[in-house]
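The values are calculated or read from the model by the stated rules, or taken from the named source; none is laboratory data. Computed from a predicted structure; not experimentally measured. Neighbour counts are summed over all protein chains in view; Cβ atoms, including those assigned to glycine, are modelled from backbone coordinates with ideal geometry. For accessibility, only protein heavy atoms count, side chains too; no ligands or nucleic acids. Shrake-Rupley method; radii C 1.70, N 1.55, O 1.52, S 1.80 Å.
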Amino acid sequence: SRTPVTVTVTGAAGQIGYALLFRVASGQLLGPDTPVRLRLLEITPALSAAEGTAMELDDSAFPLLTGIDITDDPDVAFDGANVALLVGARPRTKGMERGDLLEANGGIFKPQGRAINGHAADDVKVLVVGNPANTNALIAKAAAPDVPAERFTAMTRLDHNRALSQLSKKTGAPVDQISRLTIWGNHSATQYPDVFHAEIAGKSAAEAVDEAWLADEFIPTVAKRGAAIIEARGASSAASAANAAIDHVHTWVNGTKEGDWTSMAVPSDGSYGVPEGLISSFPVTTANGSYEIVQGLDINAFSRARIDASVRELAEEREAVRGLGLI
Ligand code: NDP
């Protein structure tokens, strides 16, 4: 049988962790033929809760799950990691300034980046879910100079999936007939879901909807969906975030469909005027475990203004963490 793939999950005792781990252990992340070894990182006070989740994982008797280690030491957690899902983060609490939030997360993602640098497998793939995800990924990347920069990614797949669902509802087309949708920029309220290159059953999606709907309904609904879920559910989205994390890694490992692409926040190579090094969402294709930013798309004025606004926010976050000495 195949050697197990080591998957490290941080914040394992949290809501997203709870929705994520069972799907990783059942084979939905890497496929039905790939055994998985889980390494769970938690802060010390949450270790007992992580033990409880591990007991439930044991009790599921997943044939693909070959072992679970639980630790509060990043060096141990990332030892041999092939896939690292960085979910745990410091949430913004009432009255917290952006600088405080970035500093608190720097205290988490800098040591984790160092631990990845020192201990992860050579082929490690990193997905940051914990917010502010793009900038947390930037901090981890900066702390891991020996790991190729392109291995550090952040999640905009939930935004992508939300956009697919909204467009499907509006047009009546099933989601699997919609392709080439893009989330650009930051995983924040400034993100830009772009339908101008999207197709519905091979025809222009932009022509199926009007610009007023895009500007006044679609974009704000996708961007504010997280808040709407908190309002309705009394808790933040967890299962859909875990689902998107599974989708992100599954697509990275297994490839995008011919003629389609997905959205991932990845280190910019300067494409589309996004300053090099910023971890910004782009349209990407994947094959053989690597990804490429889709090139040559025409960006109209409507899109340009929105991409630029979100990228400006990312540049400001980078300046802020630079000022704090985190990168
Ligand atoms: P969740 O599991 O619900 O969320 C974890 C992170 O994912 C948060 O930063 C959250 O951001 C983010 N996130 C990204 N996208 C989404 C989305 N679409 N919907 C919801 N969340 C999203 O948080 P919990 O508080 O339940 O659990 C966090 C766990 O992490 C705790 O057990 C804590 O102990 C642990 N932790 C572990 C660390 C470590 O391993 N070193 C460090 C820090 C915390 P947002 O806050 O903006 O919703």
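Within segment 6-16, the set of residues being open to solvent by less than 10 Å² (accessible area, probe 1.4 Å) and in contact with a Ser or Thr (Cβ under 7 Å, 6 or more places away or on another chain) comprises Ala12 only.
Look through segment 38-64, keep the residues that are in contact (Cβ under 8 Å) with a residue 40 or more places away in the chain and in a strand (DSSP E or B), and return whichever of them is nearest to Gly88 (Cα to Cα). Ranking the candidates gives Leu41 first.
The condition of being out of contact with any Gly (no Cβ under 8 Å at 6 or more places or on another chain), among the charged types (D, E, K, R), within 15 Å of the ligand (Cβ to nearest atom) and open to solvent by 40 Å² or more (accessible area, probe 1.4 Å) holds for only one of Lys94, Lys170, that being Lys94. Of everything listed in (1) within 16 Å of the ligand (Cβ to nearest atom); (2) among the small types (Gly, Ala, Ser); (3) open to solvent by 30 Å² or more (accessible area, probe 1.4 Å), the single unmet condition for Ala212 is (1). Of everything listed in (1) open to solvent by 60 Å² or more (accessible area, probe 1.4 Å); (2) under 29 Å from Val195 (Cα atoms); (3) in a strand (DSSP E or B), the single unmet condition for Glu150 is (3).
Considered as a group, the residues in segment 105-133 that are open to solvent by 30 Å² or more (accessible area, probe 1.4 Å) and among the small types (Gly, Ala, Ser) include one that is farthest from the ligand (Cβ to nearest atom), and that residue is Gly118.
Looking at the structure I just gave you, is Ala206 away from the ligand (no atom under 16 Å from the Cβ), closer than 25 Å to Ser271 by Cβ, without any contact (Cβ under 8 Å) to a residue 40 or more places away in the chain and among the hydrophobic types (A, V, I, L, M, F, W, C)? Full working, then the answer.
Working: away from the ligand (no atom under 16 Å from the Cβ): yes; closer than 25 Å to Ser271 by Cβ: yes; without any contact (Cβ under 8 Å) to a residue 40 or more places away in the chain: yes; among the hydrophobic types (A, V, I, L, M, F, W, C): yes.
Yes: the conditions hold for Ala206.
Screening Met155 on (1) open to solvent by 40 Å² or more (accessible area, probe 1.4 Å); (2) within 15 Å of the ligand (Cβ to nearest atom) shows it passes everything except condition (1). Take segment 5-62 and flag every residue that is under 24 Å from Gly289 (Cβ atoms), of a type in the set (D, E, K, R) and within 15 Å of the ligand (Cβ to nearest atom). Arg23, Arg39 - these are the residues of segment 5-62 that are under 24 Å from Gly289 (Cβ atoms), of a type in the set (D, E, K, R) and within 15 Å of the ligand (Cβ to nearest atom). Against the list (1) surrounded by 20 or more Cβ atoms within 10 Å (Cβ to Cβ); (2) touching a strand residue (DSSP E or B) at 6+ places or on another chain (Cβ under 8 Å); (3) in a helix (DSSP H, G or I), the condition Ser303 fails is (1).
Applying a threshold of 9 Å to beta carbon distances and a minimum spacing of six or more residues, or different chains, the list of pairs starting in segment 236-247 at a residue that is under 12 Å from Arg162 (Cβ atoms) and in contact (Cβ under 8 Å) with a residue 24 or more places away in the chain and ending at one that is within 9 Å of the ligand (Cβ to nearest atom) and not in a helix (DSSP H, G or I) reads Ala241/Val87; Ala241/Val129; Ala241/Met155; Ala244/Val129; Ala244/Met155.
Among residues of segment 174-186 that are in contact (Cβ under 8 Å) with a residue 40 or more places away in the chain and open to solvent by less than 10 Å² (accessible area, probe 1.4 Å), those with a beta-carbon under 6 Å from a residue that is polar (S, T, N, Q) and in a strand (DSSP E or B) at least six positions away or on a different chain give the pairs Thr182/Ser263; Ile183/Ser263; Ile183/Ser281; Trp184/Ser281; Gly185/Ser280; Gly185/Ser281. Per the listing Val83, Val87, the residue uniquely away from the ligand (no atom under 15 Å from the Cβ), open to solvent by less than 30 Å² (accessible area, probe 1.4 Å) and under 25 Å from Arg151 (Cα atoms) is Val83. Among the residues making up segment 215-252, those that are more than 16 Å from the ligand (Cβ to nearest atom), within 14 Å of the chain's Cα centre (by Cα) and open to solvent by less than 50 Å² (accessible area, probe 1.4 Å) are Thr251, Trp252.
On inspection, Thr66 passes the criterion of being open to solvent by 30 Å² or more (accessible area, probe 1.4 Å), more than 25 Å from Phe152 (Cβ to Cβ), modelled with pLDDT of 95 or more and in contact with a strand residue (DSSP E or B) (Cβ under 9 Å, 6 or more places away or on another chain).
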